[in-house]
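The structure under discussion appears below in the form of structure tokens.
The values are calculated or read from the model by the stated rules, or taken from the named source; none is laboratory data. No experiment lies behind these values; they were computed from the predicted model shown. Reconstructed Cβ throughout: ideal geometry from the backbone, glycine too, with neighbour counts over all protein chains shown.
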Amino acid sequence: MKIGFSRSLHITVIGILLFSLFIITFSNNTESQNAAKTYNIDAVHSAVIFRAKHLGVSYNYGRFNDFSGNITLDESDVSKSKIELVVKAASVDTANAKRDQHLRSPDFFNAKQFPVITFNSTNVKQKVGQENILEVTGDFELHGVKKSVTIDAEITGKGEHPRSGELIGFETTFAIKRSDFGMDYELKNVSDDIRITVSIEAAHK
């Protein structure tokens, strides 16, 4: 009886240890899968575009060619996510060298004094009723003026790249008044309302 009891106890202890090991492994795997992931923006496959109205007649478009940043996404707790974007003001490009030079001047971006345009999120939450939309509030700094803005960021897709690995895409379109940021030159000729579109492809670090 003592031998049988001892053997039974031994088997029970082994079973408990194996079950505990399974629970720990499963828990670690689950935490790993749900952990926040950071993605670096791939500027080659991304775009920062703006639109302004000229003389109240037509829309003129421009872009910035030099920007960087990263996105941290925690799908298990979206509130822990973060978006950071840095744009070089001097990289403004409207396909006209003379106009671009004017835009870099103190009349507009004043790129020498204010070399970067930045966005840093302060709050991220799921858009109610929209699975692929994040409601992002953050500090938008332009022309040396920082203001809080709230944007809707759409998760446009997820995939794999044979070289860079896991990918994710985001896009947002929002509007600002340039006069709110001290850019009030020629408001009669160039609209105060500026529409900005940011389309991002980012690779997991």
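Suppose the filter is modelled with pLDDT of 95 or more and either part of a helix (DSSP H, G or I) or not assigned by TED's automatic domain parsing to the domain that holds His45 (or both); does Ala90 pass it?
Yes; evaluated as a whole, the condition is true for this residue.
Pick out the one residue from Thr172, Thr197 that is closer than 16 Å to Ser121 by Cβ, assigned by TED's automatic domain parsing to the domain that holds Asp93 and of a type in the set (Val, Ile, Thr).
Thr172
From the residues in the stretch 71-87 that are in contact with a helix residue (DSSP H, G or I) (Cβ under 9 Å, 6 or more places away or on another chain) and polar (S, T, N, Q), which one is modelled with the lowest pLDDT?
Ser76
With the structure loaded, tell me whether Val128 is within 25 Å of the chain's Cα centre (by Cα), aliphatic (A, V, I, L, M) and surrounded by fewer than 15 Cβ atoms within 10 Å (Cβ to Cβ) or whether it fails that test.
Criteria met by Val128.
A quick yes/no check of all residues on (1) buried (at least 18 other Cβ atoms within 10 Å of the Cβ); (2) of a type in the set (S, T, N, Q); (3) more than 16 Å from Ile83 (Cα to Cα):
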position: Glu154; (1), (2), (3): no, no, no
position: Leu167; (1), (2), (3): no, no, no
position: Phe181; (1), (2), (3): yes, no, yes
position: Asn189; (1), (2), (3): no, yes, yes
position: Glu201; (1), (2), (3): yes, no, no
position: His204; (1), (2), (3): no, no, no
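Residues being assigned to a loop (DSSP other than H, G, I, E, B) and of a type in the set (Gly, Ala, Ser): count how many of those fall in the stretch 126-183.
Final tally of qualifying residues: 4.
Can you tell me which residue among Val124, Val116, Val190 is at pLDDT 95 or above and within 17 Å of Thr72 (Cα to Cα)?
Unique residue meeting the criteria: Val124.
Take Ser121 and decide whether it is in a helix (DSSP H, G or I) and within 21 Å of the chain's Cα centre (by Cα).
The answer is no for Ser121.
In this structure, does Ser164 turn out to be modelled with pLDDT of 95 or more, small (Gly, Ala, Ser) and assigned by TED's automatic domain parsing to the domain that holds Asp77?
Considered against the rule, which asks whether it is modelled with pLDDT of 95 or more, small (Gly, Ala, Ser) and assigned by TED's automatic domain parsing to the domain that holds Asp77, Ser164 comes out as no.
Determine whether the stretch 133-151 contains at least one residue that is touching a His at 6+ places or on another chain (Cβ under 7 Å) and surrounded by 14 or more Cβ atoms within 10 Å (Cβ to Cβ).
Checked against the condition, which is being touching a His at 6+ places or on another chain (Cβ under 7 Å) and surrounded by 14 or more Cβ atoms within 10 Å (Cβ to Cβ), the stretch 133-151 yields no hits at all.
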